[in-house]
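The values are calculated or read from the model by the stated rules, or taken from the named source; none is laboratory data. Because the structure is predicted, anything quoted here is derived from the model rather than measured. Neighbour counts run over all protein chains shown; Cβ positions are idealised from the backbone, glycine included.
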Amino acid sequence: MVEARDRRRIVMRIDTATVADAGTLAELNEHVHRLHLQHAPAFFSEPTREAAAAAFGVLLARDDTRAFIASVDDDAVGYVLVVTYERPASAFSPARRTLYIDQIAVAPGARRRGVGRELVGAALGWARAASINDIEVDTWAFNTAAQAFFTSFGFRAKTGRLWVKLQD
């Protein structure tokens, strides 16, 4: 558990999520998932909260996945979900161990109060403790707010991913 204060003097607690928190993550994920559905409907489906909770339960049970939950006054207000990837050395590249920030969501009423910053800080702190130096995240092209947020941590572009749809 980590406690943090942001610019508005709110006190939040950051805890490591367990499988029992799957429903909370599903609930917190809804507004972010709606944003993705709105801007990229061909790439996302609309799960029920129960289906999303089940999917989060599967993710949280994996050894390579962990999540951190931010709470204010015992109310969950955000989470970050990270996955560790191990890539063995090959003829073309060295071995790599990477922490991938797969998802982050902050409840609309808790935004701009340091919650996302503390969540990413918790993930980066965990990576340091696990001796993982390579951290990656991707964002959708439409999500300029997320791009600015991650840039503020020092993230910078590594690759560009392009796509084309030939036919339906």
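This table checks each residue for (1) of a type in the set (G, A, S); (2) modelled with pLDDT under 95.
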residue	(1), (2)
L99	no, no
G125	yes, no
K158	no, yes
L162	no, yes
Residue in the stretch 119-136 that is in contact with a His (Cβ under 9 Å, 6 or more places away or on another chain) and either closer than 16 Å to V72 by Cβ or not hydroxyl-bearing (S, T, Y) (or both) present: no
Residue that is in contact (Cβ under 8 Å) with a residue 12 or more places away in the chain and farther than 26 Å from H39 by Cα, where the choices are A89, A130: A130
The lone exception for R49 - which of (1) among the charged types (D, E, K, R); (2) surrounded by 13 or more Cβ atoms within 10 Å (Cβ to Cβ); (3) in contact (Cβ under 8 Å) with a residue 24 or more places away in the chain it fails: (2)
So A55, is it modelled with pLDDT of 95 or more, buried (at least 17 other Cβ atoms within 10 Å of the Cβ) and closer than 21 Å to L119 by Cβ: no
Residue within the stretch 73-81 that is crowded, with 17+ Cβ neighbours inside 10 Å, outside any helix (DSSP H, G or I) and over 14 Å from the mean Cα position of the chain (by Cα) present: yes
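Conditions (1) surrounded by 10 or more Cβ atoms within 10 Å (Cβ to Cβ); (2) in contact (Cβ under 8 Å) with a residue 12 or more places away in the chain; (3) closer than 19 Å to Y79 by Cα, marked per residue:
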position	(1), (2), (3)
G114	yes, yes, yes
A145	yes, no, yes
F153	yes, yes, yes
D168	no, no, no
Among residues of the stretch 9-44, those that are hydroxyl-bearing (S, T, Y) and either assigned to a helix (DSSP H, G or I) or modelled with pLDDT under 95 (or both), counted: 1
Conditions (1) without any contact (Cβ under 8 Å) to a residue 12 or more places away in the chain; (2) farther than 24 Å from R111 by Cβ: number failed by D75: (2)
Unique match (being surrounded by fewer than 17 Cβ atoms within 10 Å (Cβ to Cβ) and among the hydrophobic types (A, V, I, L, M, F, W, C)) among A105, A91, A127: A91
Residue that is nearest to the chain's Cα centre (by Cα) [pool: residues in the stretch 114-142 that are among the hydrophobic types (A, V, I, L, M, F, W, C) and assigned to a strand (DSSP E or B)]: V137
